[in-house]
1. How many percent of all Cα-Cα pairs in the stretch 264-308 sit more than 15 Å apart?
2. Give me the extension gain from residue 368 to residue 160: residue separation times 0.36 nm, minus the current Cα-Cα distance, reported in nm with one decimal.
3. What distance in nm separates the two pseudo spin-label positions at residue 299 and residue 375, each 7 Å out from Cα along the beta-carbon direction?
4. Could you check the simple spin-label distance between residue 88 and residue 291, using points 7 Å along Cα→Cβ, in nm with one decimal?
5. Label points 7 Å out from Cα along the Cβ direction at residue 329 and residue 116: separation in nm?
6. Report the extension gain between residue 227 and residue 268 in nm, rounded to one decimal, defined as 0.36 nm multiplied by the number of residues separating them, less their alpha carbon distance.
7. Using a Förster radius of 56 Å, what is the FRET efficiency between residue 282 and residue 149 based on their Cβ-Cβ separation? Nearest 0.05, please.
8. Using Cα-Cα distances under 8 Å and only pairs 6 or more residues apart, what relative contact order does the stretch 104-143 have, in percent?
Amino acid sequence: MQSLSGIWPPCIVVTLILPQPQGLSSRRRLRGGDHIAFLVGPHGQLETLAENSNKADITGRLNHGLIRAKMPKRTPSVASALDSTCPRLLSHDDVDASSEPFANVYQGHLKGLCPDNQAIVSVMSLPNIFLGDRRWTIYCAPLKGKGVFLSSCEWTNYSTLRKPFNLPANRELAIITGVEGHYDMATNDRRLKFRYCNLGGVRLHRTRNDPSWRNILHGPFTLKEPNSEWLTKWESNFIFAGKRSDRLFSFGHAKFCLNPIACQLSSWTSFSECSKTCDSGSHVRTRKISVKAHNGGACPPLKEAEKCNTQSCPTDCQVGAWTQFGDCSQSCGYGHHFRERQVNVASAHGGMACPKTKEVQDCNRGDCPKEGDQLIKVKIAAGVALGVLIIIICLVSRLRNPKGQTEEKAKEGKRKRKKAAFGDL
């Protein structure tokens, strides 16, 4: 539906004249007659309504009949999510304006201004159909959140009489903190303006607009923000009906994420002693939290370690056990023999050097015999060997013929006689 302040759509002006009681003069009927004038839009909707009646019962019927049924519709606006990650929301106490005194009298000046660091979170409106005005109750609540503040507060211009308005202008981080209104007798309408302030220490989380008007014509309404939503828009559509004109109201809302606040820390301590004298030890320093983090803020590390004594440690040489001494290099005349041991770990980086791994000792220190003496010893050894050989031969021979040659000769003769005796045969 096109706004009344914009280009008017094609419409039909219809006037209804309600029947008058019989017996009244035509002049009386004309002066006291009841009539209603309204516009029908291109799709059959009721765009605006004017009524003029001198009877309260007719007014009541209109208010609960045509006006209630045909008031303009708002196109619902879809809520938009702008920040999906929000550890903590800006909030306020759960309050209701219905318990507060009115901020104005009918057709009188209206002013509701929040104290410092507070904003409007609840509104109540009560209409008077005969006076064509509304009384308002405005309730403010403090902003609850660490690090949040209001700044750069401004007033909008007054809304235009008998025209729709949507105030304040779009401003991402702003909420309404005051309202002021002046009633105009000539137009039977109230001009409104709003004080809005920028929010600091937050970021926008989500916005939404009311899907429809919060009130019917000449009907009361109460706005009560949830404790994590804030008022950002005040929208109104004027419905013309003479002294019984009224406005429809709708509102914009927003949620704000509190900006993370990192913790505050003390100064670093001195580094501790190195954990090792060589081969990459470490030493540490620490600090403490002096002010805690808020709104999901982080804390930097409280402990810091650094390498120290990165030089390699000295390695001492390590050797195995000695082997046994080997054979002497000579049988006489001062020979020598050796023994050894293995290096298991070599010395490195200035470590203790290896001890000796090979040892030599003298052996067979007696003098070798002279050449003549050696020959005599050889001859003696040869004679001894020959004698031994003769003795062995004799022994063998003795074993083979223990009775000697006499017995052997007797045997030989006996063999010859036998041979002679039997040889003749």
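1. More than 15 Å apart: 52 percent of the Cα pairs in the stretch 264-308.
2. That works out to 60.7 nm of additional length.
3. 10.9 nm
4. 1.4 nm
5. Roughly 10.6 nm, to one decimal.
6. Taking 0.36 nm per residue and subtracting the Cα distance, the gain is 10.6 nm.
7. Efficiency for this residue pair is about 0.80.
8. Dividing the mean separation by the residue count of the stretch 104-143 yields 47 percent.
Quick note: the coordinates plus some simple rules give every number you see, no bench work behind them. Treat the numbers as computed from the prediction; the structure is a model and nothing was measured. Cβ coordinates were reconstructed from backbone atoms using ideal geometry, including for glycine residues, and neighbour counts include every protein chain displayed.
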